[in-house]
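The values are calculated or read from the model by the stated rules, or taken from the named source; none is laboratory data. Since the model is a prediction, treat every value here as computed from it, not as a measurement. Backbone-built Cβ (ideal geometry, glycine too); neighbour counts: all protein chains shown.
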Amino acid sequence: MKSSTLVYSTEHGRICPSCQQASNACQCRAQAQSAVPAGDGIVRISRESKGRGGKQVTVIRGVPLNALELATLAKTLKNQCGTGGTVKDGVIEIQGDHRELLAKSLASRFTVKLAGG
């Protein structure tokens, strides 16, 4: 049984604990970023305020893109709405209630449904 793993090498720098490669040559991170989440192919746009101090947030779930493409899409949507937002665990959160605007914008690329009230 191995009690410790190499995390730094003076020759290569930081070492990935999963694949034991140098950080800049790590294959695990590249595979995780290129993975597209499985879903039913429908992008759902909903409005939430629970747990946010009464502030409304538009939540977009089910977008079939990898992490890098999802971040790029989120940036574009935030610019269209003129507001802030974030990407967390494959879900885009846009500050404010912008469901109709986002549905029109995403309808050209994906099948979109407005979820919730």
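General remarks:
- Single residue of G13, G54, G90 found to be on the phi > 0 side of the Ramachandran plot, at pLDDT below 95 and under 20 Å from the mean Cα position of the chain (by Cα): G90
- Qualifying residue in the range 52-61 (condition: surrounded by fewer than 17 Cβ atoms within 10 Å (Cβ to Cβ) and assigned to a helix (DSSP H, G or I)): no
- When each of G90, G62 is tested for being touching a helix residue (DSSP H, G or I) at 6+ places or on another chain (Cβ under 7 Å) and under 19 Å from G41 (Cβ atoms), the lone residue that passes is G90.
- For the range 47-96, a residue qualifies if it is charged (D, E, K, R) and without any contact (Cβ under 8 Å) to a residue 12 or more places away in the chain, and the qualifying residues are K50, R52, E69, K75, K88, D89.
- A38 part of a helix (DSSP H, G or I), out of contact with any Asp or Glu (no Cβ under 6 Å at 6 or more places or on another chain) and either of a type in the set (K, R) or at pLDDT below 95 (or both): no
- No other residue among A25, A32 is modelled with pLDDT under 80 and either in contact with a Cys (Cβ under 7 Å, 6 or more places away or on another chain) or under 23 Å from R61 (Cα atoms) (or both) apart from A32.
- For the range 93-117, the set of residues classified as modelled with pLDDT under 95, of a type in the set (V, I, T) and buried (at least 17 other Cβ atoms within 10 Å of the Cβ) consists of V112 only.
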